[in-house]
Amino acid sequence: MKPLLMTIARMGSHHRETHLNMSLRTHFLSSAMRVCAGMLVMAAVAPHGLSKAYAADVSAQSQPEPLPLPPSVPTPQDVPYGGTISLKVDAADLARHILSMQETIPLPANVVEKGGNFTLLYPMWLPGNHSPTGTIDQLGGLKIQAGGKQIPWVRDTVSVSAFHVQVPKGTHQLEVSYQLLTPVSPKEGRVVMTDVMVNVQWSAVSLYPAGYFTRQIQFKPQVVFPAGWSYGTALRADGAQSGNTVTFKPVSFNVLEDSPIFSGKYFRKFDLTQDDKVPVTLNVMADRPEDLAATDEQIKAHRELVHQANLLFGSHHYDHYDFLLALTDKLGGIGLEHHQSSENSGPRGYFTHWDKTFAARDLLAHEFTHSWNGKYRRPADLWAANFNTPQRGSGLWVYEGQTQYWGYVLAARAGLMTAPQVEDALAEVAAVYDGRQGRTWRPLIDTTNDPIISQRAPQSWRSWSRSEDYYSEGQLIWLDVDTLIRKLSDNKKSLNDFASTFFGTHNGSFVTSTYQFDDVVQALNAVQPYDWATFLHQRVYDIRDHAPFDGFTRTGTRLVFTEKPSDYITSYSTLRHVTDFLFSLGFSVGKKGVLAEVLWGSPAWQAGVTRDQELVAVNGQAYDADDLKDVITAAKSKDGAPISLLLRDGDSFHTVSITYHGGLRYPHLDGKMDGLAAILAPVGGQSSAADHKE
């Protein structure tokens, strides 16, 4: 019987019980009132005696005091950890989505001699995530043994990613086993294992000793792959593969954590190496083998990306580089930088529908740029001694903002996107961030705290709260900087010069070089003297009513709106499965008619529409994206009737009426494009390795 029917059937039998309960309640209240009345009389007769007794009773009660916190986890020291830790990962349990680990940890001499507390850490603060995103909730089955005997562990009650082990005297090593219970569906988190691909991230499958800089801890990793699968990683094999097991050369824990693995059933490798002979490889895995059908021209564009980046930065900070690219709708999406590799995901039609998927092709350029900007040069407060020390992101407007800028520029210079496609993308960025009402109360610099505040959780009103705006508004700031340098130097200098001098130092070095605000200002002044400190402070730290548009103005372009979406918006909307009405009614519509975003202050917002509501009907007709476009167009007349939307919110339905006569609106750039075209044009000649065949 359904719950509603069961409730109705029970109502008759509950009536008598309810009547009885009400009678008892009335009797209780009457008794309570009589008792209270008696107490009031007593208080009136002997007020001083009663209050004195009460006061004496209270004064005798002690106030609560805080318990002391447990001893802190050992502070990292920049000294070598004695011995090499071996770590084996079994990545073959695809059916249950479980990664199983065996770790052998040699113990320091002082622990062997005296025994006592030894602390293991699970990585939490991961470079590139800018927040404590370690998947500690997926860790399971932790067992620690020594000499065949199990040793109990205790989790730290403050630093819950720390595990304390009381090691018996004379113990030389610990045998540690555990599993990573990865999400079986997107409902639990990012999926990293499917029936045809696996993404092994070392930060999720390792424990390491507390008390040491992670660059001082050596690991020897080993992975068991599903039978017949290939893999890509910045790690290098130590000897021949044994069956499905690959043993990798020992590396520091810093390098290991920074060297994830993509492994797949359907896999191809493409050589992108340039004339400098530094190996660069594009490792591609896909849901289906036909998704790997790349043409020579498509690979040539990826090879040109490496060439253009080398020309821009005038250096490299890797001795080999591996692009890891998953073409999938099963594996969880990702775009994550590493020093000698990057994790990237794209649509299944990345190659096979090349003309429709270009809105996703700035990703590889963005993550590749991070090898210079973010991994080599890094804001000082984002560098930490280990992976459990909090990071701060005050420099993310450079780390991510300028990388976002170079991602678009290098994509155009390489031919991964055309210049008009990038121009359309910049128009979309300008319109979105100029329209974010949250800029009226929150400065851009404060959004650098967002990775810690919200960790990219869905937001009800993103345009008001703002969300990691340092990426794309930072991109507009660096366009502003680039065009100003060109103007002041009469086109003799540009942001290219800043990139080569700031990121191109110590060619070939892997050692992170940190910087602060004043270092950025100094480097800009070395390229072109100007009051860059004030310029940047106004755009980053001050509240501003509008997004920085001077970069467009200097190039002779301006933001306009027309009734036709750009090719970029069409590509982006197709890839994201959304229909864009943001700049007209003020919302976008996702799958099954669910509203994906509603802009603060927009006509839809004024009518009380919110995200996650389902758009059921428009003017009495079932929702259809094209029909809604026609309705918006028809309402342009001042005499046009309000637009009626039937919305479903959970189990309830309601209708809103929106008076709007502005027609369809999509952002474009208008005017002279010569200035932007100069920025987006390839630097130097084509790579002599560009015609390399597979």
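The values are calculated or read from the model by the stated rules, or taken from the named source; none is laboratory data. Since the model is a prediction, treat every value here as computed from it, not as a measurement. Because the Cβ atoms are built from the backbone with ideal geometry, glycine has one as well, and the counts that use them run over all protein chains shown. The area values use the complete protein model at the heavy-atom level, side chains included, leaving out ligands, DNA and RNA. Shrake-Rupley method; radii C 1.70, N 1.55, O 1.52, S 1.80 Å.
Listed by position, the helices (runs of 4 or more DSSP H) contained in segment 425-503 that have at least 1 residues being within 23 Å of the chain's Cα centre (by Cα) are 450-453, 462-465, 472-488. Cβ separations smaller than 6 Å between residues 6+ apart or across chains give the following pairs from segment 266-282 residues that are free of Cβ contacts under 8 Å to residues at least 40 places away in the same chain and on the phi < 0 side of the Ramachandran plot to residues that are open to solvent by 20 Å² or more (accessible area, probe 1.4 Å) and not in a loop (DSSP other than H, G, I, E, B): 267/230; 269/281.
Name every residue in segment 412-424 that is more than 23 Å from the chain's Cα centre (by Cα) and either without any contact (Cβ under 8 Å) to a residue 24 or more places away in the chain or not in a loop (DSSP other than H, G, I, E, B) (or both), in order of residue number. 412, 413, 414, 419, 420, 421, 423, 424, listed by residue number.
Which of the residues spanning segment 260-288 are in contact with a Gly (Cβ under 9 Å, 6 or more places away or on another chain) and of a type in the set (Phe, Trp, Tyr)? Selection gives 262, 267.
Find the residue count for segment 232-265, including only residues that are under 19 Å from residue 345 (Cα atoms) and either assigned to a strand (DSSP E or B) or β-branched (Val, Ile, Thr) (or both). Within segment 232-265, residues that are under 19 Å from residue 345 (Cα atoms) and either assigned to a strand (DSSP E or B) or β-branched (Val, Ile, Thr) (or both) number 6. Is there any pair linking a residue in segment 427-452 that is more than 14 Å from residue 669 (Cα to Cα) to one that is charged (D, E, K, R) and in a helix (DSSP H, G or I), with Cβ under 6 Å and at least six apart or on different chains, and which? Hits for this filter: 433/473; 444/473.
Of all the listed residues (209, 289), the sole one being under 17 Å from residue 325 (Cα atoms) and of a type outside the set (Phe, Trp, Tyr) is 289.
Contact map, segment 645-659: residues that are over 21 Å from residue 632 (Cα atoms) paired with residues that are modelled with pLDDT of 95 or more and surrounded by 12 or more Cβ atoms within 10 Å (Cβ to Cβ), Cβ distance under 6 Å, separation 6+ or inter-chain. Pairs shown: 649/613. Residues in segment 352-368 that are touching a strand residue (DSSP E or B) at 6+ places or on another chain (Cβ under 8 Å), not in a loop (DSSP other than H, G, I, E, B) and not aliphatic (A, V, I, L, M): 366, 367, 368.
The rows are residues; the columns are (1) open to solvent by less than 30 Å² (accessible area, probe 1.4 Å); (2) under 21 Å from residue 94 (Cα atoms); (3) of a type in the set (Val, Ile, Thr); (4) modelled with pLDDT under 95.
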{"residue": "222", "(1), (2), (3), (4)": "no, yes, no, no"}
{"residue": "225", "(1), (2), (3), (4)": "yes, yes, no, no"}
{"residue": "231", "(1), (2), (3), (4)": "no, yes, no, no"}
{"residue": "235", "(1), (2), (3), (4)": "yes, no, no, no"}
{"residue": "239", "(1), (2), (3), (4)": "no, no, no, yes"}
{"residue": "247", "(1), (2), (3), (4)": "no, yes, yes, no"}
{"residue": "253", "(1), (2), (3), (4)": "yes, no, no, no"}
{"residue": "256", "(1), (2), (3), (4)": "yes, no, no, no"}
{"residue": "259", "(1), (2), (3), (4)": "yes, no, no, no"}
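May I ask you to verify whether residue 378 is more than 30 Å from residue 603 (Cα to Cα), under 17 Å from the mean Cα position of the chain (by Cα) and either free of Cβ contacts under 8 Å to residues at least 60 places away in the same chain or not in a helix (DSSP H, G or I) (or both)? Answer is no for this residue.
Contact map, segment 348-359: first residue modelled with pLDDT of 95 or more, second residue aromatic (Phe, Trp, Tyr), Cβ cut-off under 9 Å, separation 6 or more or different chains; pairs are 357/350; 357/351; 358/568; 359/568; 359/572. In the set 79, 111, only one residue is modelled with pLDDT of 95 or more and in contact with a helix residue (DSSP H, G or I) (Cβ under 9 Å, 6 or more places away or on another chain); that residue is 79. Counting only strands (runs of 3 or more DSSP E) that sit completely within segment 289-351, those holding 2 or more residues that are among the polar types (S, T, N, Q) correspond to 341-346.
Would you point out the residue of segment 592-611, among those that are free of Cβ contacts under 8 Å to residues at least 60 places away in the same chain and open to solvent by 20 Å² or more (accessible area, probe 1.4 Å), that is nearest to the chain's Cα centre (by Cα)? Per the stated criteria, the residue is 596. Number of residues in segment 592-611 that are within 15 Å of residue 654 (Cα to Cα) and assigned to a strand (DSSP E or B) equals 2.
Of the strands (runs of 3 or more DSSP E) lying entirely inside segment 507-591, those carrying at least 2 residues that are touching a residue at least 40 places away in the same chain (Cβ under 8 Å) and either more than 30 Å from residue 659 (Cα to Cα) or open to solvent by 90 Å² or more (accessible area, probe 1.4 Å) (or both) are 513-515, 557-562.
Looking across segment 166-187, the residues that are open to solvent by 90 Å² or more (accessible area, probe 1.4 Å) and either polar (S, T, N, Q) or within 12 Å of residue 113 (Cα to Cα) (or both) come down to 166, 169, 172. Checking 153, 125 one by one, the residue that is more than 30 Å from residue 287 (Cα to Cα) and open to solvent by 50 Å² or more (accessible area, probe 1.4 Å) is 153 and no other.
Looking across segment 304-336 at every residue that is of a type in the set (D, E, K, R) and touching a strand residue (DSSP E or B) at 6+ places or on another chain (Cβ under 8 Å), the one that is nearest to residue 513 (Cα to Cα) is identified as 322.
Under the condition of being over 17 Å from residue 275 (Cα atoms) and in contact with a Leu (Cβ under 8 Å, 6 or more places away or on another chain), the residues counted in segment 292-321 number 1.
Taking residue 278, is it of a type outside the set (Lys, Arg), open to solvent by less than 60 Å² (accessible area, probe 1.4 Å) and part of a loop (DSSP other than H, G, I, E, B)? Yes. Hey, could you check segment 612-639 for residues that are part of a helix (DSSP H, G or I) and of a type in the set (Gly, Ala, Ser) and say which is surrounded by the fewest Cβ atoms within 10 Å (Cβ to Cβ)? So the residue we want is 634. Look at segment 616-634: where a residue is more than 15 Å from residue 583 (Cβ to Cβ) and a partner is open to solvent by 50 Å² or more (accessible area, probe 1.4 Å) and in a helix (DSSP H, G or I), sitting 6+ places away or on another chain with Cβ atoms under 7 Å, you get 618/627; 621/627.
Within segment 79-115, track down each residue that is within 35 Å of the chain's Cα centre (by Cα), open to solvent by less than 20 Å² (accessible area, probe 1.4 Å) and of a type outside the set (Gly, Ala, Ser). Once the filter is applied, which keeps residues that are within 35 Å of the chain's Cα centre (by Cα), open to solvent by less than 20 Å² (accessible area, probe 1.4 Å) and of a type outside the set (Gly, Ala, Ser), segment 79-115 yields 81, 85, 87, 89, 99, 101, 103, 105.
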